[in-house]
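The values are calculated or read from the model by the stated rules, or taken from the named source; none is laboratory data. Since this is a predicted model, take the numbers as computed values, not measurements. Cβ atoms come from the backbone with ideal geometry, glycine included; neighbour counts cover every protein chain shown. Just the protein is used for accessible areas: all its heavy atoms, side chains included, with ligands, DNA and RNA removed. Shrake-Rupley method; radii C 1.70, N 1.55, O 1.52, S 1.80 Å.
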Amino acid sequence: MELYVLEHRLQVGSIPRGAIAPFTHGLVKLILLRDKTKCKFLSLTRTADEYSIIIDQEGLKELEPLSDQLSLVNSVWYAQNVSAGALGSGTGKASGITKIAKALILPLAEAQVPVFVMSTYQTDFILVQEKDLDTSIECLRSHFKIFREVEGETIEVPNSGSKGETTPTRGETNSREISHPLVAPPTRFSVTSLDPDTLPKVATILLDILFYADPSPEGSDADFFSFSIIDGDISLVMDTETLTRFPSNALFTSATGECWKMIKIGAVPLGFDECGIVAQVSEPLAEADISMYYISTYRYDHTLVPEEEMDGVVKVLLSRKAKINGAASSEGKEGEEDKDKTQSSSCTEGMDCSEAPSSAPVEPEETMEQQDPTTSEPANTYY
């Protein structure tokens, strides 16, 4: 397979939801007036609390007058992209990062390289920080033929002769722990695209959704709209109700026209230097051959899975979590027969269990669906 390291020098940032107004002039220019700017890489994702942005240096110039109101990660990022031809299955079924999870995402996790992932309708971008780029290239040599874009030209990266043998590891990939809470809103989503020539015709609708939409009545986890325009390719991720606002012939969908369910990763903002966040979800789903898109934002990560596969996804992730917890529990019991029996068997690392009574019941494994007592509809699902 071929891996391309794009030349765009990217910044990842956040704009508070209530502070977007001053930025709209610059963002409208970047979205609608591409011939008036040199920006080639822009992704803007609206969530309940913020606008998460990925933007190249040229695009950032349009927002510089307001830079004190824009929170930026103190690092430059480079996007890596696997050639689309290497992923084709011939079935027309969308796969997202599933096909590259084992070859790209897991090796980077093992090499302790944090990643920021952005799936689009056309392809997937794996972002790594500039300081980790050389490590990333070295650990992926055995999986990919690697190219870099330099001043518009594509140049093959010469082999350093290390054959990836010096890549540091931190354990077997099949034991990766699911360490972050996973929340699944009931909303259905669509992954779509738009012909750039059609963009002016839907500009009013697009800008209204991006900048003037009220918070979702279904809850903050369902409030999600992502727009990207990268080297002329446009991608949109939105809930199916929002989709109906566009003319029926304006947007492209995949050959099979899937609807997607979202899983939000993290109960508190995730760390940009934390490794393995993407791998904890992508590895078990890739092993189960379940398609998934993945979108990282400034605070949280989000994965999209086919609606009809959602029960299987829940089963796979709960099974992985139970397996990890069971293995950890077995290890912890070795040599513990003579220790204080008042310590609860349900304690986990980092918890103060010294006062837990021995008769305390062990909490059952989380269920796949929890009912909201005020309604017959399932509440958000937690794992």
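Things worth noting here:
- In the range 113-140, the residues that are under 17 Å from L304 (Cβ atoms) reach residues that are open to solvent by 10 Å² or more (accessible area, probe 1.4 Å) and in a loop (DSSP other than H, G, I, E, B) with C-beta atoms within less than 7 angstrom, at least six apart or across chains, in these pairs: I126/V115.
- If only residues of the range 139-174 that are of a type in the set (V, I, T) and open to solvent by 90 Å² or more (accessible area, probe 1.4 Å) are counted, the one that is modelled with the highest pLDDT is T166.
- The listed residue being acidic (D, E) and part of a loop (DSSP other than H, G, I, E, B), out of E58, E7: E7
- Against the conditions (1) within 30 Å of K99 (Cβ to Cβ); (2) among the aliphatic types (A, V, I, L, M); (3) at pLDDT 90 or above; (4) open to solvent by 20 Å² or more (accessible area, probe 1.4 Å), L60 satisfies every one except (1).
- Filter result for V278 (under 27 Å from Y51 (Cβ atoms) and touching a helix residue (DSSP H, G or I) at 6+ places or on another chain (Cβ under 9 Å)): yes
- Enumeration of residues in the range 24-60 that are under 19 Å from V237 (Cα atoms) and either charged (D, E, K, R) or in contact with a His (Cβ under 8 Å, 6 or more places away or on another chain) (or both): F41, R46, D49, E50
- Scope the range 105-122; condition surrounded by 20 or more Cβ atoms within 10 Å (Cβ to Cβ) and not hydrophobic (A, V, I, L, M, F, W, C); matching residues: P107, E110, P114, S119, T120, Y121
- All conditions in (1) surrounded by fewer than 16 Cβ atoms within 10 Å (Cβ to Cβ); (2) within 17 Å of I230 (Cβ to Cβ); (3) at pLDDT 95 or above hold for L127, with the sole exception of (1).
- Filter result for V278 (of a type in the set (A, V, I, L, M), open to solvent by 70 Å² or more (accessible area, probe 1.4 Å) and farther than 24 Å from T24 by Cα): no
- Any chance A21 is hydrophobic (A, V, I, L, M, F, W, C) and open to solvent by 40 Å² or more (accessible area, probe 1.4 Å): yes
- Among the residues of the range 93-128, those that are within 17 Å of L42 (Cβ to Cβ), part of a strand (DSSP E or B), of a type outside the set (A, V, I, L, M) and touching a strand residue (DSSP E or B) at 6+ places or on another chain (Cβ under 6 Å) comprise F116, S119, F125.
- Selection of first residues in the range 219-231 that are under 15 Å from R245 (Cα atoms) and surrounded by fewer than 20 Cβ atoms within 10 Å (Cβ to Cβ) and of second residues that are among the acidic types (D, E) and modelled with pLDDT of 90 or more, restricted to Cβ pairs under 9 Å at least 6 apart or on distinct chains, gives an empty result.
Condition check ((1) in contact (Cβ under 8 Å) with a residue 12 or more places away in the chain; (2) closer than 24 Å to L182 by Cβ; (3) surrounded by 15 or more Cβ atoms within 10 Å (Cβ to Cβ); (4) touching a Phe, Trp or Tyr at 6+ places or on another chain (Cβ under 9 Å)) across all residues:
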position	(1), (2), (3), (4)
M238	yes, yes, yes, yes
E258	yes, yes, yes, no
K264	yes, yes, yes, yes
P269	yes, yes, no, yes
